[in-house]
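Undergrad: Handing you a structure now.
No value in this document is a laboratory result; all are computed from the given coordinates. This is a predicted model, so every value here is computed, not measured. Here the Cβ positions follow ideal geometry from the backbone for every residue, glycine too, while neighbour counts run over all protein chains shown.
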Amino acid sequence: MKRLQILITLAVSVLLAVGGYFVPAAPAATMGPVTDSIGVVKVSKGQPITIAYWLVITGPNGNLGIDSRNGIEIAIDDQKAVLGFPIKLIGEDTGCNAEGGTTAATKLAANNQLVAAVGSTCSSEARPGAPILWKAGIATVSPANTAPDLTDPKRSADYNGYLRTAHNDLVQGAVGATFVRTVLKLSKVATIHDGSPYAEGLANAFAASFKKQGGTITAAEAVNVGDTDMRPVLTKIAATKPELIYFPIFVAEGGFIARQSKEVSGLANVKLMGADGLFDPNFLKAAGDAATGMYQSSPDTRTEVLGSIYTVFLQKYEKKYGTKPLSIFHAHAYDATNLILQAIQKVGKTDAAGNLYIGRKALRDALFATKGWKGVTGTLTCNPYGDCADPHLAVYQITAGDPSKWDPGVTNPKPIYPVVK
Amino acid sequence: MVFLGLVGMVEVFARKAIIVGVISLGHTLLLLTGLAAGLQAAARAGRRPIPALGAALLAGAMSGVVVCAFIVVGTSANLRGMFVNASPALFGLLSFGRGTAGIPLVVLAWTVVSLLGGTFAILPPAIRRPLSAGGAAVLLLGLFQELLQLLLQEGTIRPLVRAFFFDNDGLVVRGAVTGLAAAVVWSAVRQRWRPSIRTRFLHMTPRNRRASLYLVLLLTVVVLFYLPIFLGEFVSQVLVFVGLFTLMGLGLNLEVGFAGLLDLGFVAFFAIGAYTVALLTTPEKYALVHLPFWAAVPVAVLVSLIAGIFFGLPILGIRGDYLAIATLGFGEIIRLLVLSDFLKPWLGGARGIVNLPKPVLFGFEFKQFGQLFWITLAASALIAFVAARLRDSRLGRSWMAIREDEDVAEAVGINTINAKLLAYGLGGAFAGMGGAIFAVMIGSVFPQSFSLLVSINTLALIIVGGVGSLPGVIVGSLFLVGLPELLREFSEFRFLVYGAVLILMMQVRPEGLWPAVSVAREFRPDEGPSPAREEALATGGEGGG
Amino acid sequence: MGRTFWQRFSLISLFLWAFRITVVLVVVVGTYGTLSSGKYGPAQWIDIVIFGLSQGSIYALIALGYTMVYGILRMINFAHGEVFMSGAYTAYFAAAALNGFGFLARHPFLGLLIVLVVAMATATGVGLLVERIAYRPLRRAPRLVPLIAAIGASFFLQYTFRGFFGAGFQAYPDWPLFKGQMVVAGIGILRTQAVAIVGAVFLMVALYLFVMRTKIGTAMRAVSEDMEVAAMMGINVDRVIVVTFGVGAAAAGAAGVLYALVFKQVWFFMGFVPGIKAFTSAVLGGIGNIPGAMVGGLFLGLIESAGPILFLDGLGIPAPNQLKDVFAFTMLVLVLIFRPTGILGERLAAKKA
């Protein structure tokens, strides 16, 4: 027994000692020529600079993320290298829910070579994901999150590494409301959301702005993601006699609503309006002819607004991928990537041996210091809470329900508001 | 045999992405299918070399022909409008880049591979095991290379190991060869040493046996303690998920495994636990009070307990499959209520409740996943202990009586009502604890997290792990929760494999991977005492469940 | 022990009574509230009823498969929803192809027939495959095992189809003849809905006659009464089971086409929720009971459609249609508690343990 006791004590102490070895060292506060309060990334000579994406790339909404990723890839192609170091892109699929965002962010955060990230797609992913990335010192620029609370001044310090080039939904809701009130001159609107934070937030933003402009919301309804029979909800809405139905939701349910609204008695003359979640050729497939004449709010991509810089970008996109853009945030992703790459250029320092050192806090500060930066989506200036976008939101009208006639920003859907010279 | 060929084709259809390692995963898959075809054919044909090899040859040839037909059809007609993955890339892959001209090569390749599979079947086990160990090792190294590379980042020694085995894209040849050699050696050694270690163990005095078991336990605790630190944040997070599902599994085990009550709405209690903690700790307007985590958890557990009893009351009279459906209904009702606009002012609706603070103990904040893992570990240990005690208590025995035959149990005088209510309540309480940890881990609660899928997952993992058995729950959790999370790059095919695994498991080993001794006996009544049972008897009833 | 038992017993009785009363209150007060507010005119109520019936008839068709399989094998075929999906999805390609030739415009009913045949054939094939691979080896296993295998089969089928056809959805083409409304007895009803209802009724009647009048139908009923005795009587039980699965699957496949006709969108996950709802219908009507499945389906459709508006709106609950699934499930739970044999009762006295 005594022998056993000794054996046990020995084993335990050995293990404790060995275990202690594995406790990861704090990321060096000083490495090479760079001193940084959060950490430093060292990229050895000949190695690439690693940036990552965390976007929705599979599933029915995969187009949103794939489109953004394409924008990132074009930006990398254009830049080719920063400070002589090539750029490598890695990434994770997030699945448009909180767990997916958490897991993707955690996996990326574990990689100590990762300099910065572009993402996420859905706001529900960013809520848990951005703090996880920032805890590891990785700043993230989102090309597609639109939920207002992510850049709210009252947000916690965990989000200090979060910025976005996408618009804030408060703006989108207001633009939609203004359009309906002042251009269509309607005063009675019914809203439908689908239970997702994005849709609910946007519907609320629209309603608030609309009411402030003197309109009335006749009904505020909701359906579930995955619902197929919208007729009861539409019948209920029909009883309140709205002039327009605003449903800022995603493609599948939006398709059902558009189609079935034409089949419910009392709604034959009611106008329909959606938001950027429906700006997808798949929506035309889902809704068919019912979509013709429908309005949608979405980022404005007209040359008159964005300048020829966007047209050039669009040509690159079509040349590389052989299709028109699949969604709406490609340009935002392009800008986000360029913001990051330029910030790296600004704060990265090389040592005598040719290794590159990037301070994490310095990178973050450089990103937040962006002012008057000319991107494809407009002139970007980041406010202290991460809103960098120069929000140009337009209202479009769908002119044909045939998905083969998808010509975003030109003829189908056609931009009609605000009117530009 | 043809069927296997067909199934192989189905797999090929569904496979789209090919990971380039040393050998591409797509080719590996085809290789494995061919080997399997040969193996099956040979096994069916018997043990003698000639018929076995002949059968394997035939199987291979037929599979090859089928694949060729597929290639011919695919390259001449455009199937892509319908089958999205029938792309030129696919056919190039199948025909080794040669198109229809490569047909003879394809047939030959499949035949050869199948023959190899057949040979494998007739080899003696002594050679077979090391070979399969070696093959498995290489496959695993290649599959998990991304993860392993992440683990080998820090320090000085580890990056060297990493550079030896891997490069940026994956496993390199020398790494593969080393892995293969190591696995073969290990397997051979194990074969030689295992029987002798076993006999030595059985011959030890009970006192020494207990001491060595105690040593093993202590070692396990220390390893588990350091595991999250060693493995880094990502794996820690996966481990926390595994731990949470283990908690849930233990709870469901109470209902399904011990008491025989099939509950498919289990996620409801998970949700209740999570939302309770959320409502008690969030700094936002939904909060009822502001409690620290440690105070909120017992409340959450209590609330879940009461909820369990509450939900159990109306369904006391329902049995069997109907119970499954009724509980499924309950689970969905809870999820929908939590999502609804109706309850939004209190429960946050679709937006959920956010900004939950992390637990703080004497100033130490459990911020990292590794630290949360410790909490999960402690909770699991506690719950496992409670569950084991319950199983051996009077209540546990009444549950087992109810599971065997409810009417007889009632006739014998067991208060089935109380027992069932306690089963629901306690099961719910365990799930509630899991939910509480889940809430602080993610830092927010959203209704989308509490879908039917969670209940099904929990049920599947206790069945795959072994119903009624506590180590089985852990094993099931590792396999059905941990593995898919680690293999996230294949998340598209995750459920496909999941489904296939479930079907296969039920046919091959329905009692689970680590079943409780009594349940195992149920499934294999014809077999005599199993080795596990012998060992259990020898060590005084410690083994198995 | 005796006295505590009594107390406990009446506590539960009390609870169940409270439950009943709450439900009745909700129904009565809600209905009163809605009807008295006069927000909805008769045209709208009729619309709602028609929606409910068309949705319900689709549920009923799928429910037939569930109820028949349960009647014979006492197992819940979780994969049945996926059988429905497979029929609908595969037939889409047939429909799209026919549409490309303008076939649907020229020969609408023939086109519909072809599409139906494709769907039913595929669905039957898939259903039989599942039976052969996943269920037959497990026939003697304890209850949980085939259930898990069924769940596994369900996932497997969903993702196989996802792998085959992609993760997005496809939209059925429009049949020009079936567009728009038609007026029957002064009631406006969508043509597609009419087709769905008529088609469903037709198939249900056909199935009923099949089970009641034909030899193999009688064999099916015999096997569901008592499998061993039927075998002793010389009935080939395996063949009967295969036929059961096949017929149920064919019905589901047809339901898939009718569903797609009304809703247009098909995708790999479309079978999941209708599957659960259909099973609910089967239980509602009385599992093992074919007319029961039909009644249950129609009833569920109506409740889903009218319930939220009729009951909840009157109580002033916002966005009641979000909760329409809550209705379906609450109905299910209520039926299981208070009348487990279902509306039409179980034809068979089944031992549930």
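Undergrad: Could you compute the FRET efficiency for C:Val205 and C:Val28, with r as their C-beta to C-beta distance and R0 at 41 Å, rounded to 0.05?
TA: It comes out at approximately 0.70.
Undergrad: Shielding of B:234-240 by partners, i.e. mean partner chain Cβ atoms within 10 Å per residue?
TA: Partner-chain Cβ atoms within 10 Å, mean over residues of B:234-240: 4.
Undergrad: Per-residue HN-Hα couplings for region A:91-106, Karplus 6.51 cos²θ - 1.76 cosθ + 1.60 at θ = phi - 60°, whole Hz, x for Gly and Pro?
TA: x, 10, 8, 10, x, 6, 8, 5, 5, x, x, 4, 5, 4, 5, 4
Undergrad: Output the peptides C:59-68, C:255-264, B:183-192, B:324-333 sorted from most to least packed, where packing is the average of other Cβ atoms within 10 Å over each peptide's residues.
TA: Going from most to least packed, we get C:59-68, C:255-264, B:324-333, B:183-192.
Undergrad: What is the set of long-range amide H partners of A:Thr50 at a cut-off below 5 Å, with H atoms built 1.01 Å from backbone N?
TA: A:Lys88, A:Val115
Undergrad: Order by neighbour count: A:Trp134, B:Trp374, fewest other Cβ atoms within 10 Å first, most last.
TA: Ascending Cβ contact count within 10 Å gives the list B:Trp374, A:Trp134.
Undergrad: To continue, here is another question. To the nearest 0.05, what FRET efficiency results for A:Thr303 and A:Ala81 with a Förster distance of 25 Å applied to their C-beta separation?
TA: So, using R0 = 25 Å, E works out to roughly 0.25.
Undergrad: Among C:Met204, B:Met506, C:Met182, which comes first, then next, by fewest other beta-carbon atoms within 10 Å?
TA: Fewest-to-most ranking of C:Met204, B:Met506, C:Met182: C:Met182, C:Met204, B:Met506.
Undergrad: If you don't mind, there's one more thing I want to ask. Can you pull the one-decimal nm distance between simple spin-label points at B:His290 and C:Leu110, each 7 Å off the Cα toward Cβ?
TA: Here the answer is 7.6 nm between the modelled labels.
Undergrad: Kindly rank A:98-108, A:37-47 from highest to lowest mean number of other beta carbons found within 10 Å of each residue.
TA: So the peptides A:98-108, A:37-47, ranked by packing, come out A:98-108, A:37-47.
Undergrad: In addition: Please turn the phi angles of region C:224-229 into ³J(HN,Hα) values with the Karplus equation 6.51 cos²θ - 1.76 cosθ + 1.60 (θ = phi - 60°), one per residue in order, whole Hz, x for glycine and proline.
TA: Going residue by residue, I get 6, 5, 7, 5, 5, 4 Hz, with x marking Gly and Pro.
Undergrad: Show me, for region C:19-28, the HN-Hα J-couplings you get by feeding each phi into the Karplus relation (A = 6.51, B = -1.76, C = 1.60, θ = phi - 60°), rounded to Hz, glycine and proline as x.
TA: 3J(HN,Hα) across region C:19-28, in whole Hz: 4, 4, 5, 4, 4, 4, 4, 4, 4, 5.
Undergrad: Same structure again: Once you average over the residues of B:300-312, how many Cβ atoms of partner chains fall within 10 Å of each Cβ?
TA: Partner-chain Cβ atoms within 10 Å, mean over residues of B:300-312: 0.
Undergrad: Here is a further query. Using only the alpha-carbon atoms, how far is helix A:62-79 inclined from the longest principal axis of chain A? Give it as 0 to 90 degrees, nearest 10.
TA: 60
Undergrad: Compare the peptides A:233-240, B:458-465 by average per-residue count of other Cβ atoms within 10 angstrom and give them in order, highest first. Provide the component values of the computation, followed by the final result.
TA: Values: A:233-240: 23.6, B:458-465: 27.6.
The peptides rank, most packed first, as B:458-465, A:233-240.
Undergrad: Something else now. Going by alpha carbons, how many degrees (0 to 90, nearest 10) lie between the helix axis of A:169-178 and the longest principal axis of chain A?
TA: Tilt of helix A:169-178: around 10 degrees.
Undergrad: Which distance in nm do the two modelled labels at B:Ala182 and A:Tyr321 give, with both placed 7 Å along the Cα-to-Cβ direction?
TA: Here the modelled spin labels are 4.1 nm apart.
Undergrad: If we count other beta carbons within 10 Å of each Cβ, what is the order of A:Lys80, C:Lys324, fewest first? Walk me through the numbers on the way to the answer.
TA: Working: A:Lys80 8, C:Lys324 23.
Listed from fewest to most nearby Cβ atoms, that is A:Lys80, C:Lys324.
Undergrad: Hey, got the average number of other protein chain Cβ atoms within 10 angstrom for residues in A:97-110?
TA: 6
Undergrad: Continuing with the same structure: Considering amide H positions built from the backbone, and no H for Pro or chain starts, which residues 5 or more places from B:Leu264, or on another chain, come under 5 Å of its amide H?
TA: Hits under the 5 Å cutoff: B:Thr327, B:Leu328.
Undergrad: Hey, any idea what Rg/Rh is for chain A, computing Rh the Kirkwood way over Cα pairs?
TA: With Rh from the inverse mean 1/r over Cα pairs, Rg/Rh is 1.07.
Undergrad: Here's a follow-up. Starting from the Cα of A:Lys212, step 7 Å along the direction of its Cβ; do the same at A:Asn269; then give the gap between the two resulting points in nm.
TA: 3.2
Undergrad: Taking Rh as the Kirkwood radius, which is the inverse of the mean 1/r over Cα pairs, what is the Rg/Rh value for region C:189-321?
TA: 1.06
Undergrad: Using 1/(1 + (r/R0)^6) with R0 = 45 angstrom and r between the beta carbons of B:Ala411 and B:Thr199, what's the FRET efficiency to the nearest 0.05?
TA: 0.40
Undergrad: Loop-only check: which trypsin sites (Lys or Arg not before Pro) in region C:158-237 are DSSP coil with at most 14 other Cβ within 10 angstrom?
TA: Within region C:158-237, the qualifying trypsin sites (Lys or Arg not before Pro) (loop, at most 14 other Cβ atoms within 10 Å) are C:Lys179.
Undergrad: If one takes the longest principal axis of the Cα atoms in chain A, at what angle in degrees, from 0 to 90 and to the nearest 10, does the Cα axis of helix A:251-261 lie?
TA: 10
Undergrad: Can you classify region B:223-265 as rounded, prolate or oblate using the Cα gyration tensor, where a ≥ b ≥ c are the square roots of its eigenvalues, rounded means a/c under 1.5, and otherwise it's prolate if a/b beats b/c and oblate if not? Before the final figure, lay out each step's value.
TA: Numbers: a/c = 7.08, a/b = 2.90, b/c = 2.44.
The shape class here is prolate.
Undergrad: Please report, in Å, the Rg and the Dmax of chain C, where both are computed over Cα atoms only.
TA: Cα-based Rg and Dmax for chain C come out at 21.7, 78 Å.
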